[in-house]
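Only one structure is covered here, and it is reproduced in the block below.
Derivation of every value follows stated rules applied to the coordinates shown; laboratory data play no part. Just so it is clear, the structure is predicted and the values come from calculations on it, not from any experiment. Virtual Cβ from ideal backbone geometry, glycine too; neighbours counted across all protein chains shown.
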Amino acid sequence: MSEEIIPAAAPEKPAAQPGWLSRLSLTQLTLAVLVVVFVWQWLDAHYRLNQLQELVAQRLAEVDGAHKANQTLIAQNQEVTRELGGKLSVLENRFAETQAQRAALEALYHDLSGSREQAMLADVEQVLLIAEQQLQLSGNVKAALIALQNAASRLRRSQQTDAVDLRRRIERDIERLRALPEVDVRALDRQLDQLIAVTEKLPLAQEMRPALAKEEIPRDSPAQNAWQRFWRELWQDVRQLVRIGRTDQTEMPLLSPTQSFFVRENLKLVLLSARLSLLSHDEAGFRRELKTVQGWIGRYFDPAANETRFAQQLLRKLVAVDIIVELPDINATLMAARNYRAAQERSAQ
């Protein structure tokens, strides 16, 4: 009888051990995720820092270019000052000529002492000449108006027909001068002084600090367990990792203390140039300099500050002012006075 061979039983396999992922607790996984997030955030911040350094270098190059342009502007202002000095010498020569004419007319007045009417006409002609020079040389409407009123008051004493016609001409010129819009150069100059003074108080745009909204942190409730408090704190930390902001706004210029000083000094120089344009009745140059100041203040300084708003409001008022007024020509009245005096002299002879 053959023996049956019974196969030996296979050895039992050991139970599979759990993987390393299953051995990690939830807290360890959370910490690992946070470490990865922090490393990614550090790399992103390092990349953004490099971009910011490149942007700062570019802005500094632009500021250097603007400084060179300002040096050119200073040279132009010096040239304008020299031109104004030449114009002042011309005005002084005209004034000397006026003084000589006045002396000649005074001598003529003494020579005509025998004729009171001719002396009065000589005075009227002299006053009209002064009024015309005030209008043509300096644009002084008030002085010309006073001179015309003086001439009209002198002619009221005469009852001759030609004298009445001349007085009516002068009165028409007086009404034309009164109808002119008044340009208060002194008030405009005081406003420019206010702008120059407020320049030192303008806060730079780079000194702004965005106001972050304060979130209320809920207090721990006695009913919350440790897991609930942990998840709440984790959610608050994750929310602070991401910040939403606008990227379509223009980057504010970054200025060193030296560059900030030169920006303020250049603003003062441009305002002084605007004052020269005001005194020389150069309306185009006056408005050009004020618009330049508007652009610089809007670019380099905090638009939300009270000083900046005051300066911009004052600049808008100054830009809207017309400093050139078309003055009437009273040369026809002066010629009429000369003709009338010449006719009186001929009749006296």
So which of K268/K291; K68/K268; K268/K317 end up more than 25 Å apart, counting from Cα to Cα? none
Using modelled backbone amide H atoms (1.01 Å from N, in-plane), which distant-in-sequence or interchain residues come within less than 5 Å of F301's amide H? A205
Figure the gain on full extension for A100 and H281 (residue separation times 0.36 nm, minus the Cα-Cα span) and round it to one decimal in nm. 62.4 nm
7 Å from Cα along Cα→Cβ at both E175 and D193: what's the point-to-point distance in nm? 3.9 nm
Before anything else, pin down the relative contact order of the stretch 281-349: Cα pairs under 8 Å, at least 6 apart, normalised by residue count, whole percent. 40 percent
Distance in nm between label sites at R186 and D237, each 7 Å beyond Cα in the beta-carbon direction? 7.2 nm
Which value, in debye to the nearest 20, gives the size of the charge dipole of the stretch 275-349 about its Cα centre, when Lys and Arg are +1 and Asp and Glu are -1 at the Cβ? 20 debye
Given a Förster radius of 41 Å and the C-beta distance between R156 and K268 as r, what FRET efficiency does 1/(1 + (r/R0)^6) yield to the nearest 0.05? 0.20
Applying the Karplus parametrisation 6.51 cos²θ - 1.76 cosθ + 1.60 with θ = phi - 60° to the phi angles of the stretch 87-103, what ³J(HN,Hα) value in whole Hz is obtained for each residue in order, glycine and proline being reported as x? 5, 5, 5, 5, 5, 5, 5, 5, 5, 5, 5, 5, 4, 5, 5, 5, 5
Efficiency of FRET between A119 and L91 - r from beta-carbon atoms, R0 22 angstrom, step 0.05: 0.15
Rounded Å value of the spacing that divides the Cα centres of the stretch 116-135 and the stretch 266-315: 43 Å
What FRET efficiency, computed as 1/(1 + (r/R0)^6) with R0 = 45 Å and r the Cβ-Cβ distance, is obtained for A143 and Q78, rounded to the nearest 0.05? 0.90
In nm, give the distance between the simple-model label positions of V164 and R316, each being 7 Å from the Cα along the Cα-to-Cβ direction. 5.5 nm
Per-residue ³J(HN,Hα) for the stretch 145-156, Karplus 6.51 cos²θ - 1.76 cosθ + 1.60, θ = phi - 60°, Hz, x for Gly and Pro: 5, 5, 5, 5, 5, 5, 5, 5, 5, 5, 6, 5
